[in-house]
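First comes the structure, then the notes that go with it.
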Amino acid sequence: MDDVIYNLTIGDPVNLFWVGLGTMLGILVGAIPGLTGAMLIALTLPLTYAMQPTEAMVLLVSMYVGSISGGLITATLLRMPGTPASVITTLDGYPMARDGKPGRALGLGIMSSFVGGLISWGFLILLAKPISHISTELGDFDYFALVLVALVLIASVSGKSLAAGIFSGLFGILVTIPGESPATGVTRATLGIEQLNGGFDLLPVLIGLFAVSQVIHEVAQKGGAVEQVSKVKPEGILLGAKDWVAHLVNMVRSSVIGTWVGILPGIGANVGSVMAYSAAKSMSKEPEAFGTGSEEGVVASEAANNATIGGALIPLVAMGIPGSVIDAILLGALILHGLQPGVLLFQNNPDVVYTIIFTMLIANIAMFGMMVLSAKWISRLATIPRHYLLPVVIVFCVVGSYALNNRMFDVWVMLAFGVVGFIMERNKIPLAPFVIGFVLAPIAEEKLGAGLQASSGSYLELVQRPVALTFVLISIVLVVWPIYKSLIKSRSIRDDGDGQAEQKEKS
Amino acid sequence: MPNDSTSKLTTHMLIRDGVWLAVLIAMIWYSMDSGSNDSNSAYPNRPITLIVPFGPGGESDTFARMIQRTIAENQFLDQEVVVKNVGGAGATIGSGQARKADPDGYTMLILHEALITAQVSGKVSYGPESFEPIAASGKTNMVIAVAEDSPYQTLQELMQAAKETPNELVFAANLGAPVHYAGLILEKELPGAHFVYTQKGGGASRFEAVIGGHVDVSAFSLGEYVSFKDGGLRAIAISSEVRHPEAMEIPTAKEQGFNFVHANMHFWWFPKETEQSKIDFMADVIRKCMATPQVHSQLATRLSEPFIETGQPMKDVLKDRIGKIQSVDASSPDVLPNIPLWVSVATVVSFVYWLLSKNRAADSSGTIKKTEENDGMSGRYLQTAGVFVGVTSLYLLALEYLPIDFRILTSIYMFDVAVLCYGLSRKQFKRLILDSYVPDMVILFPLVVFFVFQSFFSIQLP
C-alpha cells in the first residue's frame with residue numbers, strides 16, 4: 001500500500017504526469033457540454049494498450065475525477081451544464097456569479113468537490129468490502145421507494161409557489177414518457193417520429209432548459225446595460241476556516257448521500273446531486289434562498305456529485321460490478337489489460353486495486369490545485385461582454401448536443417427546450433422540480449416495472465420489505481407536510497390581506 | 001476590445017496577430033497532413049463511416065474500434081474508418097440512420113442480433129431484409145447461471161421446475177433484447193416450461209439480481225460469467241456445441257438434452273442495394289482483420305472466438321437466427337399501471353391548478369397594473385427573443401439540409417448573434433466591425449471547434 005502511494009507520487013514521475021494530464025483533460029471535457037467523461041475515457045482506452053495496466057488505470061481514473069469536477073465551471077459562470085452531473089449547480093451557482101460573486105461560487109464548488117471526493121474516498125478505502133454487498137441486498141421495490149422519496153421532495157424544492165413547482169415536476173415526468181418504456185422496452189407516444197424512439201436525451205434537454213433559455217433571455221435584453229458583472233474581485237476563491245466550518249455539516253451529509261447513490265448501480269452522479277440538494281434544502285434554515293444563489297445549494301450539489309465517484313468505485317473494486325457508465329468502461333479496461341475483475345481482483349492484483357484507490361485521492365488533490373490556481377482566470381469569463389460570449393456559448397450548445405449521439409434531432413430538442421425554459425422562467429415556474437422529475441421518473445418506472453413483473457403484479461412487497469416500507473412512509477410524510485404547511489401559510493397570508501407584507505418583514 | 005491606453009492596445013494587437021499566425025500555421029500543417037486523397041478513383045477513395053448504434057465503451061463499440069485499429073495498423077484499407085456512435089432506443093436510432101444512408105459503400109453498420117429482435121418485438125418495422133449483410137464475426141457463447149446457493153444443480157432440474165410451476169421462476173432479462181430471446185428460445189425446448197421475465201438491463205444488473213436472490217436465473221455471455229463467477233454465480237449450462245476449452249467444468253446444454261446452441265456475434269451491414277463488389281471487398285477486409293494475431297489475442301481475453309463467416313454460409317447463419325427468434329413469443333403479461341395516462345392527467349390537473357392560483361394571486365395584488373407599464377419594453381424583448389430563435393432555426397436547417405461547410409455557416413450565424421447582442425443601428429454595426437474582436441472571433445472560433453471535435457474526438461460535425 002505504501003509502495004503504491006510512493007509510486008504514484010514522488011517515486012514515479014511518469015505516474016504523476018498521467019495524473020496531471022488525465023485530470024486536466026477531464027476538467028476540460030467536463031466543462032464543455034456534449035463532451036462527457038465517458039466519451040473521453042472510451043476514446044482514450046485504445047491508446048492505453050501500450051501502457052502498463054497500472055499506468056492506464058492512473059490515467060483513466062484521473063480523467064474520471066476531472067470530468068465530474070470540470071462541469072461546475074461552465075455551470076456556475078455560464079449556466080451551461082458541462083455534464084448532467086453539474087446541472088443542479090447551475091440553480092444556485094449561476095445566480096451567485098451574476099450577483100458579482102463568481103469567485104466565491106467557484107471557490108465553494110471547488111472546495112465541496114474536493115471534500116466530497118475525500119469523504120467518498122474514505123468510504124472506499126475503509127468500507128469497500130463490507131458495504132459493497134448493500135447494493136445486491138436491495139430489491140426493485142426498495143429502489144423504487146428510495147427514488148420515490150427523492151421524487152416527492154419536488155414539493156420541497158418548489159420555491160414560492162407550490163402549484164408551479166408541482167406542475168413543473170409533473171411536466172418533467174411527462175417529458176420522459178415518449179420513447180422506450182424503461183420497464184418493458186416497448187416504444188410509446190412517439191407520434192410516429194422514428195427519431196423519438198429513444199425519447200428525449202438528458203443532455204440536450206438540460207442544455208436547452210438552462211443554457212439556451214438563458215442565451216435567449218440575454219440576447220433579447222437590449223441596450224448594453226445588462227446584468228454584466230463589472231468588477232470581479234478575484235478574492236473568495238480560497239475560502240477561510242469560517243466557511244469550512246459553516247458548511248461542514250452540509251458537506252458531510254451531501255457527501256454521504258452522494259457516496260450512497262454512487263454505490264447503487266444504474267443511478268448516476270446527477271441523481272446524487274439532485275438528492276443531496278433536496279435534502280440540503282429541506283434541512284436548511286433558509287430554504288427560500290435555494291435557487292436564488294444559495295451557498296448551501298452549490299455545496300450540496302458539488303459535494304454529492306464528486307462523492308459518487310468513490311461510491312461507484314466501491315462495487316467495482318470489491319465485486320467487479322460497475323456502479324456507473326464510466327466504471328463499466330474502466331472494467332473493460334481491466335479486461336483489456338488481462339486482469340480479471342471480480343471479487344478476486346483484490347487478492348490477485350492488489351497493486352491495481354490500490355492504484356485505482358489512490359489515484360482517486362491524488363487526482364482529487366490535483367483537481368483541487370488546478371482549479372484553485374486557475375479559478376481566478378476562469379472567473380473572468382463572467383465579465384466578457386455579451387457579444388463575445390453569447391455566440392460562443394450558443395455554438396457550444398449546438399455542437400455539444402449534436403456530438404452526443406451524432407444527430408441533428410438532439411439539437412432541435414435542445415432549441416425547443418430552450419424556448420420551453422424561456423417561457424417557464426417568464427411565468428416564474430421553477431426549473432429545479434422539472435429536472436428532478438425528468439431525471440428520476442425513468443428510474444422509478446423501471447424499478448417499479450421490474451418489481452411488478454417479478455411479483456406478477458402484486459404491490460404487496462412495497463409494504464412487506466422493511467427498507468421499502470420505511471421509504472414509503474418517509475415519502476408520505478414528505479407529501480403531507482408541505483401541503484399542510486402551505487395551507488397554514490396561505491391562510492395567514494389571506495389574513496394579512498397582502499402577500500407582500502410578509503416579504504418586507506424578511507428583508 | 002477597445003481600450004483607452006495605447007500600450008494595452010498594442011499588447012492586444014500583438015496577441016491577436018499571434019493567435020492568427022498560430023491558427024494559420026496549424027491549418028496549413030493540418031491540410032498538408034490530410035490532403036491528396038481524392039486522386040484515386042478506386043473504392044474506397046474517402047473515409048468510411050462505421051455506425052456503432054451504442055454509446056462509447058460498450059461491447060459493440062470496443063469490438064468496432066478494435067477492427068478499426070487493426071485496419072489502420074495493417075493498412076488493409078487506403079482510407080480511414082471513422083467510428084460514429086449513434087446510441088439510443090435499443091440500437092434502433094443508429095440502425096435507422098444506417099438504413100437511410102446512401103448505398104455507396106461509405107456507410108457501414110455493426111450490429112448483433114438486436115437488429116432482428118427489435119423488429120420481432122415490434123420496436124421498428126425494418127430488420128435484416130433492409131440491409132446487405134457483409135460478414136458475421138466474433139462469436140461469444142452464452143451461459144445459463146443461477147446463484148451459488150440455488151437449489152437447481154443442472155439445467156434439467158431448472159427446466160423441470162419451470163414446467164411444474166410455470167410462471168413462477170423469474171428470469172432476469174433485457175426485455176426485447178437478445179438475452180430475453182435466449183431465455184425464450186431455451187424454454188421452448190421443454191414444452192410447458194415458462195419463466196417470468198423481468199426488466200434488468202445489462203450484465204452487471206442481472207448478476208446483482210441473481211446473487212441478491214431477487215431473481216432465479218439469467219443468461220450471461222461467457223466473458224461476463226467468468227468475471228462474475230467468484231461473486232456467487234454458478235453456471236449450469238453453456239450454449240456451445242462442445243465444452244469450452246477455457247471453462248471445461250460447464251456442461252453444454254446439448255449434453256443435458258436441450259438443443260440450445262446459441263452464440264452472440266457481431267454482424268456487419270451495408271444499406272440495401274450496395275454493390276456486390278463493395279460488399280465482397282469489405283468482407284475480405286474484415287476477414288483479414290479477424291486473422292491477425294492482435295485480434296486473436298484481444299478476443300481471447302474476453303473468451304470470444306475469432307469466428308468469421310461471409311457470403312452464403314453467413315446468410316445461412318443469419319437465416320437460422322431469424323427463424324429461431326421469430327418462433328418465440330416475447331409478449332409478457334401487462335402488469336404495469338398505465339403510467340402515460342396517469343402522468344398526462346396529473347400534469348393537466350396541476351397546470352389548471354397553477355393557472356387558477358396564479359390568477360388568484362394576480363387578483364389580490366396589483367400586478368396587472370405593472371404589466372401594462374412594461375408592455376412596450378416587453379414587446380420589444382419578446383420580439384428580439386423571437387428573432388434569435390428564428391435565426392437559430394435557420395442556422396440549424398442550413399446545417400441539416402444545405403451542403404455548406406459547418407465552419408462557414410457557423411461563422412455567419414455567430415456574427416448574426418453578435419450583431420443581435422450589440423445592437424442593430426448602423427453606428428453600432430460599424431463599431432462592431434472595425435473596433436472589436438468579433439470578426440476575428442467568428443472566423444477563428446468555428447475553425448477551432450471544428451478541429452477539436454473532428455480531429456481529436458473524431459466526431460463528424462454536420
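The values are calculated or read from the model by the stated rules, or taken from the named source; none is laboratory data. Just so we're clear, the structure is a prediction, and the values are computed from it rather than from any experiment. Backbone-built Cβ (ideal geometry, glycine too); neighbour counts: all protein chains shown. Keep in mind that these areas ignore ligands, DNA and RNA; they rest on the heavy atoms of the full protein, side chains included. Shrake-Rupley method; radii C 1.70, N 1.55, O 1.52, S 1.80 Å.
Per the listing B:GLY122, B:GLY105, B:GLY176, B:GLY203, the residue uniquely more than 10 Å from chain A (Cβ to nearest Cβ) and either open to solvent by less than 10 Å² (accessible area, probe 1.4 Å) or within 26 Å of B:ALA89 (Cα to Cα) (or both) is B:GLY105. For the stretch A:324-331, the criterion of a residue being open to solvent by 10 Å² or more (accessible area, probe 1.4 Å), in a helix (DSSP H, G or I), under 17 Å from A:PRO53 (Cβ atoms) and in contact with a helix residue (DSSP H, G or I) (Cβ under 7 Å, 6 or more places away or on another chain) is satisfied by at least one position.
Residues are listed down the side, and each one gets a yes or a no for (1) part of a helix (DSSP H, G or I); (2) over 30 Å from B:ALA300 (Cα atoms); (3) modelled with pLDDT under 80:
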| position | (1), (2), (3) |
| --- | --- |
| A:GLY297 | yes, yes, no |
| A:THR308 | yes, yes, no |
| A:ALA318 | yes, no, yes |
| A:VAL352 | yes, no, no |
| A:ILE365 | yes, yes, no |
| A:LYS376 | yes, yes, yes |
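Does at least one position in the stretch B:68-78 carry a residue that is within 8 Å of another protein chain (Cβ to nearest Cβ) and farther than 30 Å from A:THR184 by Cα? Checked against the condition, which is being within 8 Å of another protein chain (Cβ to nearest Cβ) and farther than 30 Å from A:THR184 by Cα, the stretch B:68-78 yields at least one hit.
Within 10 Å of chain B (Cβ to nearest Cβ) and surrounded by fewer than 24 Cβ atoms within 10 Å (Cβ to Cβ) - does that describe any residue in the stretch A:361-379? No. The numbered conditions (1) out of contact with any His (no Cβ under 8 Å at 6 or more places or on another chain); (2) within 14 Å of chain A (Cβ to nearest Cβ); (3) surrounded by 12 or more Cβ atoms within 10 Å (Cβ to Cβ); (4) farther than 19 Å from B:LYS123 by Cβ are all true for B:LEU303 except (1). Could you tell me which residue of the stretch A:380-397 is farthest from the other protein chains (Cβ to nearest Cβ), considering only residues that are open to solvent by less than 20 Å² (accessible area, probe 1.4 Å) and within 15 Å of A:THR74 (Cβ to Cβ)? Of everything passing the filter in the stretch A:380-397, A:ALA382 is farthest from the other protein chains (Cβ to nearest Cβ).
For B:GLY138, indicate whether it is outside any helix (DSSP H, G or I) and crowded, with 21+ Cβ neighbours inside 10 Å. First the steps, then the outcome.
On the way: outside any helix (DSSP H, G or I): yes; crowded, with 21+ Cβ neighbours inside 10 Å: yes.
The answer is yes for B:GLY138.
Screening A:THR136 with (1) farther than 19 Å from A:ALA375 by Cα; (2) surrounded by 24 or more Cβ atoms within 10 Å (Cβ to Cβ); (3) modelled with pLDDT under 85 gives one miss only, at (2).
Would you be able to say whether some residue in the stretch B:238-247 is on the phi > 0 side of the Ramachandran plot, open to solvent by less than 30 Å² (accessible area, probe 1.4 Å) and in a loop (DSSP other than H, G, I, E, B)? Break it down into steps so the answer makes sense when it comes.
Filtering the stretch B:238-247 down to residues on the phi > 0 side of the Ramachandran plot leaves none.
Looking through the stretch B:238-247, none of the residues is on the phi > 0 side of the Ramachandran plot, open to solvent by less than 30 Å² (accessible area, probe 1.4 Å) and in a loop (DSSP other than H, G, I, E, B).
Annotation note: of B:GLY213, B:GLY223, the sole residue that is open to solvent by 10 Å² or more (accessible area, probe 1.4 Å) and part of a loop (DSSP other than H, G, I, E, B) is B:GLY213. Tell me whether the stretch A:400-408 contains one or more residues that are among the hydroxyl-bearing types (Ser, Thr, Tyr) and not in a helix (DSSP H, G or I). No, because not a single residue in the stretch A:400-408 is among the hydroxyl-bearing types (Ser, Thr, Tyr) and not in a helix (DSSP H, G or I).
Checking each residue in the stretch A:399-426 for being within 23 Å of A:VAL29 (Cα to Cα) and more than 7 Å from chain B (Cβ to nearest Cβ) picks out A:GLY400, A:SER401, A:LEU404, A:PHE409, A:ASP410, A:VAL413, A:MET414, A:GLY418.
Among B:LEU434, B:LEU399, B:LEU424, B:LEU444, which is the only one that is among the aliphatic types (A, V, I, L, M), on the phi < 0 side of the Ramachandran plot and within 25 Å of the chain's Cα centre (by Cα)?
Details: B:LEU434 fails: within 25 Å of the chain's Cα centre (by Cα); B:LEU424 fails: within 25 Å of the chain's Cα centre (by Cα); B:LEU444 fails: within 25 Å of the chain's Cα centre (by Cα).
It is B:LEU399.
In the condition set (1) open to solvent by less than 20 Å² (accessible area, probe 1.4 Å); (2) on the phi > 0 side of the Ramachandran plot, B:GLY192 is compliant with all but (1).
Every listed requirement among (1) within 14 Å of chain B (Cβ to nearest Cβ); (2) open to solvent by 10 Å² or more (accessible area, probe 1.4 Å) is met by A:ILE321 save one, (2). Entry remark, the stretch B:96-125: residues being more than 18 Å from the chain's Cα centre (by Cα) and either within 16 Å of B:PRO53 (Cα to Cα) or of a type in the set (Gly, Ala, Ser) (or both) number 4 in total. Of all the criteria given as (1) under 18 Å from B:GLU148 (Cβ atoms); (2) touching a residue at least 12 places away in the same chain (Cβ under 8 Å), the one not satisfied by B:GLY212 is (2). Of the residues making up the stretch B:278-298, those that are in contact (Cβ under 8 Å) with a residue 40 or more places away in the chain and either more than 26 Å from B:ASP78 (Cβ to Cβ) or small (Gly, Ala, Ser) (or both) number 1. Residue pairs whose Cβ atoms lie under 9 Å apart, sitting 6 or more positions apart in sequence or on different chains, and linking a residue in the stretch B:359-386 that is within 10 Å of chain A (Cβ to nearest Cβ) to a partner that is open to solvent by 90 Å² or more (accessible area, probe 1.4 Å) and at pLDDT below 70, are B:SER364/A:ARG494; B:SER365/A:GLN500. Scanning the stretch B:79-101 for residues that are open to solvent by less than 20 Å² (accessible area, probe 1.4 Å) and facing another protein chain (nearest Cβ under 8 Å) gives B:ASN85, B:VAL86, B:GLY87, B:ALA89, B:THR92, B:ILE93, B:GLY96.
The set of residues in the stretch A:191-221 being open to solvent by 30 Å² or more (accessible area, probe 1.4 Å) and assigned to a helix (DSSP H, G or I) consists of A:GLU194, A:GLN195, A:GLY198, A:LEU202, A:HIS217.
Residues that are more than 10 Å from chain A (Cβ to nearest Cβ), more than 24 Å from B:PRO151 (Cβ to Cβ) and not β-branched (Val, Ile, Thr) within the stretch B:223-242 comprise B:SER240, B:GLU241, listed in sequence order. Taking the stretch B:402-421 as the range and being open to solvent by 10 Å² or more (accessible area, probe 1.4 Å), under 32 Å from the mean Cα position of the chain (by Cα) and of a type outside the set (Val, Ile, Thr) as the test, the residues that pass are B:LEU402, B:PRO403, B:ASP405, B:ARG407, B:LEU409, B:SER411. Of the residues A:LEU72, A:LEU78, A:LEU91, only one is within 14 Å of A:ASN305 (Cα to Cα) and touching a helix residue (DSSP H, G or I) at 6+ places or on another chain (Cβ under 7 Å); which? A:LEU72 is the lone residue from the list that is within 14 Å of A:ASN305 (Cα to Cα) and touching a helix residue (DSSP H, G or I) at 6+ places or on another chain (Cβ under 7 Å).
Looking at A:GLY100, is it surrounded by fewer than 21 Cβ atoms within 10 Å (Cβ to Cβ) and within 30 Å of A:GLY293 (Cα to Cα)? The answer is yes for A:GLY100.
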